[in-house]
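Chemist: Have a look at this one before I ask anything.
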Amino acid sequence: MKYAKFLGIVAAAILLCGCTDTQLKNIDSSTGISTSSGNTSGENISSITTEKSEGTISKKHSISSTDTFDVYKNDTVNIVNGGELTVDGKMSSEKGGKIIIKKGGVLILNSDAQLDCDLTIEKGGKLIVGENGKVSGSGSITVVDSFDDIECNGSVTAKIVPPAPVTENGVTTVGGVLIVNKKYSIPSDFASELITDDEAGTGLIRDEAYDALCAMREASGYAMSIVSGFRSYRTQTAIYNRNVANYGEEEANSWSAKPGESEHQTGLAIDITSLEQSYGDTEEGQWLAENCHKFGFIIRFQKEKEAVTGYIYEPWHVRYLGKSTATLVHDSGLALEEFLGVN
Ligand SMILES: [Zn+2]
């Protein structure tokens with residue numbers, strides 16, 4: 001028999017909030033926490049001895065701001081349908097431990113979370129990182145279905161393992177995020193609903209991206225004019241052919257997308273203010289790089305990521321992903337291709 005092998009959540013709830021035995025039983029029965037050996041933890045918490053601890057959270061439960069939520073190396077904490085674990089205190093975890101958020105389960109992290117274990121968000125599960133939530137560590141967050149299953153209002157620097165890419169009708173998404181690049185093109189009629197009478201379409205972008213741009217303009221105080229927004233397949237064909245004619249194919253390919261390979265055809269990309277790389281050194285360009293994720297955008301083609309994206313540094317080209325996913329990509333320090341695992 002090994003001693004003092006606590007199931008993390010019970011230990012946290014008991015040791016740190018000083019629950020009485022009665023409260024302990026209540027927590028135990030309400031969360032359904034048990035060990036794999038079939039012991040319940042209600043009677044004598046200090047003598048739980050299992051090689052592997054399994055905990056199940058099926059109701060609302062919280063770890064207060066003065067407590068710590070621990071996940072030890074052999075623990076598996078399952079948050080199942082109806083289960084909602086709010087961690088207002090710290091979280092610590094060991095390599096080898098597991099947290100699984102199942103369909104209908106929710107984990108809310110509102111402060112420092114040291115994630116050295118593996119966290120899996122199954123389809124229909126939800127991880128909410130609060131404004132003061134900071135998830136870091138050597139562990140990983142596996143997204144099984146959609147990046148929408150993470151709501152990030154704080155920061156996440158732990159590794160995120162994306163789901164596999166899905167291609168349907170010639171359009172590829174990873175966890176719900178549309179990817180358009182030299183490897184993954186979109187059909188010529190994609191977003192044809194955005195085509196205007198003159199077909200130039202410049203300045204036109206999708207509503208959600210436009211709303212985000214307006215919010216960003218207001219917060220920054222900069223005008224942030226749209227140099228180029230939506231471009232149809234036909235427009236992109238004309239632009240690309242002109243660039244190849246003027247600069248040669250090799251050079252044109254380093255900054256001009258072939259038709260079907262341009263993010264501008266999605267209506268989710270905007271070239272802001274200036275098409276000069278020196279824009280990145282201006283106050284506005286720096287503000288954009290530091291803050292655009294808070295409004296849902298990423299700088300799509302970063303310095304030092306040319307080999308990954310296939311494009312030169314474009315401090316003016318932002319891609320709309322939504323606040324949460326843009327923040328995750330920004331915090332990862334990765335190019336979108338790397339973040340989505342399609343590089
Ligand atoms: Zn662009």
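Since every read-out is calculated from the coordinates, none of them should be taken as a lab result. Because the structure is predicted, anything quoted here is derived from the model rather than measured. Every residue, glycine among them, receives a Cβ derived from its backbone with ideal geometry; neighbour counts consider all protein chains shown.
Chemist: For Val71, enumerate residues with amide H under 5 Å from its amide H, sequence gap 5+ or separate chain, H modeled in the peptide plane.
Modeler: HN-HN under 5 Å from Val71: Ser92, Ser93, Glu94.
Chemist: Also, I was wondering about something else. Taking neighbour Cβ counts within 10 Å as the exposure measure, how do Arg231, Arg319 sort from fewest upward?
Modeler: The order, fewest Cβ neighbours first, is Arg319, Arg231.
Chemist: Just going by the charge dipole of segment 186-323, with Lys and Arg at +1 and Asp and Glu at -1 on Cβ, which of Leu321, Phe230, Ala257 is farthest out on the positive end?
Modeler: The Cα lying farthest towards the positive end belongs to Leu321.
Chemist: Could you compute the FRET efficiency for Glu168 and Val308, with r as their C-beta to C-beta distance and R0 at 25 Å, rounded to 0.05?
Modeler: Computed FRET efficiency for Glu168 and Val308: 0.50.
Chemist: How big, in percent, is the set of alpha carbon pairs in segment 165-340 lying more than 24 Å apart?
Modeler: The calculated P(r) of segment 165-340 puts 32 percent of pairs beyond 24 Å.
Chemist: Which aspartates and glutamates, on any chain, are close to Lys134 with Cα under 15 Å apart, when same-chain ones fewer than 8 places away are left out?
Modeler: Asp88, Asp112, Asp116, Glu151, Asp331
Chemist: Enumerate the residues in segment 308-339 having an amide nitrogen under 16 Å from the point lying 7 Å beyond the Cα of Val227 toward its Cβ.
Modeler: Residues passing the 16 Å test: 311-319.
Chemist: What spacing in nm lies between the two simple spin-label points modelled at Lys183 and Ser254, each 7 Å away from Cα in the Cβ direction?
Modeler: Those two pseudo-labels are separated by 2.2 nm.
Chemist: Checking the table Lys73/Lys305; Lys102/Lys305; Lys183/Lys294; Lys90/Lys182 against a 32 Å threshold on Cα-Cα, which pairs fail?
Modeler: Lys73/Lys305; Lys102/Lys305; Lys90/Lys182
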